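Read the structure below first, then the notes.
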Amino acid sequence: MHYVIEQMKPTDWEQVLEIYYHGMETQNATFEINEPDWQTWEDWNHDHLSECRLVVREGEHMLGWAALLPISAREAYQGVAEVSIYLHKNSMGKGIGKKLMLALMEASEEAGIWTLQSEIFPENTGSLKLHEKMGFRRVGVREKIGQMEDGKWRDVVLVERRSPHVGLD
């Protein structure tokens, strides 16, 4: 398998959304199960940081994507971001997530991000293992933090990674 990791472009939107829908189908990747909050590239673009938007591609086929969301608009938290990482359902278990996460971590440090965090459903064991393998630590479980669109309450495991290079002063 030969693939490249590169910056996401607006023309990638359809494949980004398709992969996100795969995550929605599992009901273990996001609270959304019917329609995403963002229906257009413009909506998605507005919510995510302009830096650190990556895709993994094999030819014209996208295997996965990763991006960061700000956790707060407050100045004190400018170096803290939430990870979104999604793989095509046929790309899981092949080491692609690890390479994509490494590239995202590197890009985040270049952008001045000192802490990455993720909130992961406990049932999403693959994502938890990936994050832990990449140096994220479990902070704790946020019990019944949100409801699925069908009304079911869900817990999330909060994990974070502090950069060994950025924000040390």
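The values are calculated or read from the model by the stated rules, or taken from the named source; none is laboratory data. The structure displayed is predicted, hence computed values, not measured ones. The accessibility values were calculated without ligands, DNA or RNA, using every heavy atom of the protein model including side chains. Shrake-Rupley method; radii C 1.70, N 1.55, O 1.52, S 1.80 Å.
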Original post:
Per the helix-only calculation at 222 nm, which mean residue ellipticity applies to the chain, given -39500 (n - 2.57) for every DSSP H run of n ≥ 4 and division by its residues, nearest 500 deg cm²/dmol?
Top reply: -8000 deg cm²/dmol
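Probe of 1.4 angstrom, ligands and nucleic acids ignored: what's the accessible area per residue over the range 1-77, in square angstrom?
56
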**OP:** Could you name the aspartates and glutamates whose alpha carbon sits less than 14 Å from that of K89, not counting residues in the same chain fewer than 8 places away?
**Re:** E18, E25
Original post:
So what are the chain's ellipsoid semi-axes, whole angstrom, largest first, if each one is the square root of 5 times an eigenvalue of the alpha-carbon gyration tensor?
Top reply: 22, 21, 17
Subject >> Among the listed pairs K9/K98; K94/K129; K94/K133; K99/K133; K98/K129; K9/K133, those beyond 18 Å (Cα-Cα) >> reply: K9/K98; K9/K133
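Summarise the accessible area of the chain (1.4 Å probe, protein heavy atoms) by the percent that is carbon and sulfur.
On the way: 4410 of 9340 Å².
Carbon and sulfur together cover 47 percent of it.
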Original post:
Can you tell which of S50, S84, S118 shows the greatest fluctuation in a Gaussian network model of the chain with Cα springs below 10 Å?
Top reply: S50
Original post:
With every protein chain present, what accessible area does V139 have (1.4 Å probe, heavy atoms only), rounded to the nearest 10 Å²?
Top reply: 70
**OP:** Output ³J(HN,Hα) for the range 42-56: one whole-Hz value per residue in order, computed from phi by the Karplus curve 6.51 cos²θ - 1.76 cosθ + 1.60 with θ = phi - 60°, and x for Gly and Pro.
**Re:** 4, 4, 4, 4, 5, 7, 9, 4, 6, 8, 6, 10, 10, 10, 10
**OP:** Summarise the long-distance tail of P(r) for the range 2-76 by giving the % of C-alpha pairs beyond 15 Å.
**Re:** 59
